[in-house]
Every structure is written in structure tokens, then in C-alpha cells.
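See below for the structure under consideration.
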Amino acid sequence: MTSIDLNADLGEGFGRWRLTDDEQLLSVVTSANVACGFHAGDAATMRRVCELAAERGVRIGAQVSYRDLAGFGRRAMDVPPAELAAEVAYQIGALEVFARAAGARVAYVKPHGALYNRVVRDEEQAAAVVDGVLLADTALPVLGLPGSRLLELAGKAGLPVVTEAFADRAYTDEGILVPRTLEGAVVTDPDAVVDRSLRLARSGEVVSRSGTRVEVRARSLCLHGDTPGAVELARRVRERLEASGVRVEAFA
């Protein structure tokens, strides 16, 4: 039976402000990418999400980012490699405290936003992220885009690598994400997102922005939690997958 993990970005609030419906999404997904304070999230939010995830058997992942609260981690930045490595390790370590307190562990690492896109092709920044992960844990899986420099370097460093796909993001013919600055970068039709999810899980392919079929072999499927109707859409995706014989389970 085909199986796939469902991950979502959670804990993306700050103080009294909350962006994602963490409690409801944690009833659907199998892996939680928890913001670690650099693009969103704070200590209390990280603790709360770790406790909820641990209660429900959802794997906890550190979603590491450039230090960019004002820009939600989506602004391009040039961070010296040594500094970036230290900041990646710092974020993982902070989340690990709350994960352990909840009776769990940080199970994987995933970059966020501008950092995620940067390490697809930028070898220097990708190597810095890998160095940061190694500082924190030499056996921590790294979640990222298939064919990215990040996963290539993580694999060479001996870290487990896990590929992911996005049902609600447009792809180029090269199999990378269309930048959010371009029209049509986000797929907003719920039916299309559900159909794309099943196609990615069963066939390992997606139709690019130009209409070309692109191979995207993924072990995990990302469901964004900050889009309108995110919880209901996530439920629909999971229900459709399971009804079609796809087993939904965590990769870690």
C-alpha cells in the first residue's frame, strides 16, 4: 500500500496573535513543522504546540528560518554561513527543550520561506543549514524539495533526507516552486488541491504552471495552515487519500 506523511506549518503566531489553527490541524496531520521564533512563534507558543502534538502522536519538526519576524521569514537575506549554522542549531535546540518536556523529541528539520527556497540552489547556504543541523543532532532527518542542494548535501553528510511536495503550490517545469511574488504561485481551488494531493501520493507527479507533467517523488505532503479554510481542506485531503487506499503515516 502507498503511504505518505502529511505535514503542516504550525505555531506561526506571536504573543496574542495566532495565524494557524494548531489544535484542529493537529487532528489531521502526522508531522508538525513548528516555528522556532525566528519567523514566527514564541516560547509559550512552541511549548503549547509541542504539548498538543505529543498528546496526539504527531511528530514534531523544527521549522528553521532566517531571523525575520517582520517579514515572516519570506524576505531574501544574505547571512554569513557560520552565523546561519549557529542560528539553525539555536532554533532546533530551543524547540527540543519543549519537545522533551512534552515527552517527545524533535524528529526532523525543515527550512521555512526564503531559506527553504534559497537552499534549493545555493550551495553555501545549504551547507550552512546542514552544519547547523549537525551541531544539534547528527542523525536528524532533513525535509526538503526533491533534487535540492540541501538534500544532496545533507545526504552526503550522513543525515537522513526526506522529500516533500506541495499540493497547493504551483511548480515550474524544473520541479521547483513558483515564487510567491508571481501570479498563480498558490493553488486556491480546493478541488484542485485535493486532486493534486492524490496524484502526488499515487503517481509522484504534478502538472507544472505551463501544463507539463513533472516528476515529484515525495514521502511527505505539505498542507499550508495559513490559507483560508486550511483545516477543512486538510481534512478533505486526508479523507480522499485514505478513501483511495493511501495510508497516511509519519515518516519519522
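The values are calculated or read from the model by the stated rules, or taken from the named source; none is laboratory data. Since this is a predicted model, take the numbers as computed values, not measurements. Please note: Cβ atoms are built from the backbone with ideal geometry, for glycine as well, and neighbour counts cover all protein chains shown. Note: areas computed on protein heavy atoms with side chains; ligands, DNA, RNA excluded. Shrake-Rupley method; radii C 1.70, N 1.55, O 1.52, S 1.80 Å.
Things worth noting here:
- Residue that is of a type outside the set (Lys, Arg), modelled with pLDDT under 95 and either under 16 Å from Ala40 (Cα atoms) or within 18 Å of the chain's Cα centre (by Cα) (or both), where the choices are Ala89, Ala126, Ala70, Ala114: Ala70
- Sole exception among (1) within 22 Å of Leu10 (Cβ to Cβ); (2) open to solvent by 20 Å² or more (accessible area, probe 1.4 Å); (3) modelled with pLDDT of 95 or more for Thr138, by number: (1)
- Selection of region 96-111 for residues being within 18 Å of the chain's Cα centre (by Cα) and either open to solvent by 20 Å² or more (accessible area, probe 1.4 Å) or not aromatic (Phe, Trp, Tyr) (or both) yields Glu96, Ala99, Arg105, Val106, Ala107, Val109, Lys110, Pro111.
- Output for region 205-226, where each listed residue is assigned to a loop (DSSP other than H, G, I, E, B) and either open to solvent by less than 40 Å² (accessible area, probe 1.4 Å) or free of Cβ contacts under 8 Å to residues at least 40 places away in the same chain (or both): Ser208, Arg209, Ser210, Gly211, Thr212, Val216, Ala218, Leu223, His224, Gly225
- Filtering region 154-168 to residues that are at pLDDT 95 or above and either open to solvent by 30 Å² or more (accessible area, probe 1.4 Å) or not hydrophobic (A, V, I, L, M, F, W, C) (or both) leaves Gly155, Lys156, Ala157, Gly158, Pro160, Val161, Thr163, Glu164.
- Every residue from region 50-109 that is out of contact with any helix residue (DSSP H, G or I) (no Cβ under 8 Å at 6 or more places or on another chain), in a loop (DSSP other than H, G, I, E, B) and of a type in the set (D, E, K, R): Asp78
- Enumeration of residues in region 47-70 that are in contact with a Leu (Cβ under 9 Å, 6 or more places away or on another chain) and either crowded, with 24+ Cβ neighbours inside 10 Å or within 19 Å of Val142 (Cα to Cα) (or both): Val49, Cys50, Ala53, Val58, Ile60, Gly61, Ala62, Gln63, Val64, Ser65, Tyr66
- Arg202 being assigned to a helix (DSSP H, G or I), open to solvent by 20 Å² or more (accessible area, probe 1.4 Å), more than 17 Å from Gln63 (Cβ to Cβ) and touching a residue at least 40 places away in the same chain (Cβ under 8 Å): yes
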